[in-house]
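Following: one structure in structure tokens, then a few remarks.
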């Protein structure tokens, strides 16, 4: 069993706050890292696919970095909005996908 | 509309009664996968398929079967369901070029209860 840890498990912030969360995983033998956003009663939707070249990815107010040597990725949200409330999942790809249990973000207006 | 569809969306059944959850995608994707999601746990991969007639076990394949006879369909079969298979199931697909570079597109989910 391969351990993928996401922290914190949950986060409550005010509208306008910037926030970040972490995904940690074994650093050897992984090929890529996916980030997904999962709103309640919906399906997970992809945010980023991060490859081993380690480039930062950005989409609007959300960005992600990947440290391939030490096995972690950060997801940043700048100026959180209530519509950002969701669970954020990371999934490193080894010989198969292993998902973390997610960080649940609640943004209060 | 490009999408992944699953049927049924909700199912309540009894122990031992064989069932199939269908998954279909209209995007000509090569990679397809099944996951289950249980409270407090991340999505866990059951089976995946890199292409037609190519399937492989994920992290939790016990009690499940799959087939990939054609590109668009990837049904999940529970030959003899048990209560520990009560879960939320997602099917996902990914384009040609592979999951190294491409995101997965998820279906709407199937909530299964086995009594």
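The values are calculated or read from the model by the stated rules, or taken from the named source; none is laboratory data. Owing to the predicted nature of the structure, the values given are computational and were not obtained by experimental measurement. Neighbour counts run over all protein chains shown; Cβ positions are idealised from the backbone, glycine included.
Looking at region B:91-109, can you tell me whether even one residue there is within 25 Å of residue B:17 (Cα to Cα) and surrounded by fewer than 21 Cβ atoms within 10 Å (Cβ to Cβ)?
Checked region B:91-109: at least one residue is within 25 Å of residue B:17 (Cα to Cα) and surrounded by fewer than 21 Cβ atoms within 10 Å (Cβ to Cβ).
Would you confirm whether or not region A:26-35 contains a residue that is farther than 21 Å from residue B:102 by Cα and surrounded by 13 or more Cβ atoms within 10 Å (Cβ to Cβ)?
Checked against the condition, which is being farther than 21 Å from residue B:102 by Cα and surrounded by 13 or more Cβ atoms within 10 Å (Cβ to Cβ), region A:26-35 yields at least one hit.
List the number of the failed condition for residue A:42; all other conditions in (1) at positive phi; (2) within 11 Å of chain B (Cβ to nearest Cβ) hold.
Going through the list (1) at positive phi; (2) within 11 Å of chain B (Cβ to nearest Cβ), residue A:42 breaks only (1).
Among the numbered conditions (1) surrounded by fewer than 19 Cβ atoms within 10 Å (Cβ to Cβ); (2) in contact with a strand residue (DSSP E or B) (Cβ under 8 Å, 6 or more places away or on another chain); (3) closer than 17 Å to residue A:102 by Cα, tell me where residue A:23 comes up short.
(1)
Six or more apart or on different chains, Cβ atoms under 6 Å: show the pairs whose first residue is in region B:34-46 and under 15 Å from residue B:20 (Cα atoms) and facing another protein chain (nearest Cβ under 9 Å) and whose second is at pLDDT 90 or above and crowded, with 17+ Cβ neighbours inside 10 Å.
Partner pairs satisfying both residue conditions: B:35/B:43; B:35/B:45; B:35/B:90.
Quick one: which strands (runs of 3 or more DSSP E) lie wholly within region A:45-109 and hold at least 3 residues that are in contact (Cβ under 8 Å) with a residue 24 or more places away in the chain, more than 14 Å from every other protein chain (Cβ to nearest Cβ) and within 11 Å of the chain's Cα centre (by Cα)? I'd like the intermediate steps shown before the answer.
On the way: elements: A:45-51, A:57-59, A:62-67, A:72-77, A:86-93, A:103-108.
Answer list for region A:45-109: A:72-77.
Could you check region B:27-43 and list, in sequence order, the residues that are out of contact with any helix residue (DSSP H, G or I) (no Cβ under 9 Å at 6 or more places or on another chain) and crowded, with 18+ Cβ neighbours inside 10 Å? Lay out the reasoning, then the answer.
Restricting attention to region B:27-43, the residues satisfying the condition of being out of contact with any helix residue (DSSP H, G or I) (no Cβ under 9 Å at 6 or more places or on another chain) are B:27-35, B:37-43.
Passing the criteria: B:29, B:30, B:31, B:32, B:33, B:34, B:35, B:37, B:42, B:43.
Within region B:63-115, how many residues are within 14 Å of chain A (Cβ to nearest Cβ) and either assigned to a loop (DSSP other than H, G, I, E, B) or touching a helix residue (DSSP H, G or I) at 6+ places or on another chain (Cβ under 7 Å) (or both)?
Going through region B:63-115 one residue at a time, the tally reaches 12.
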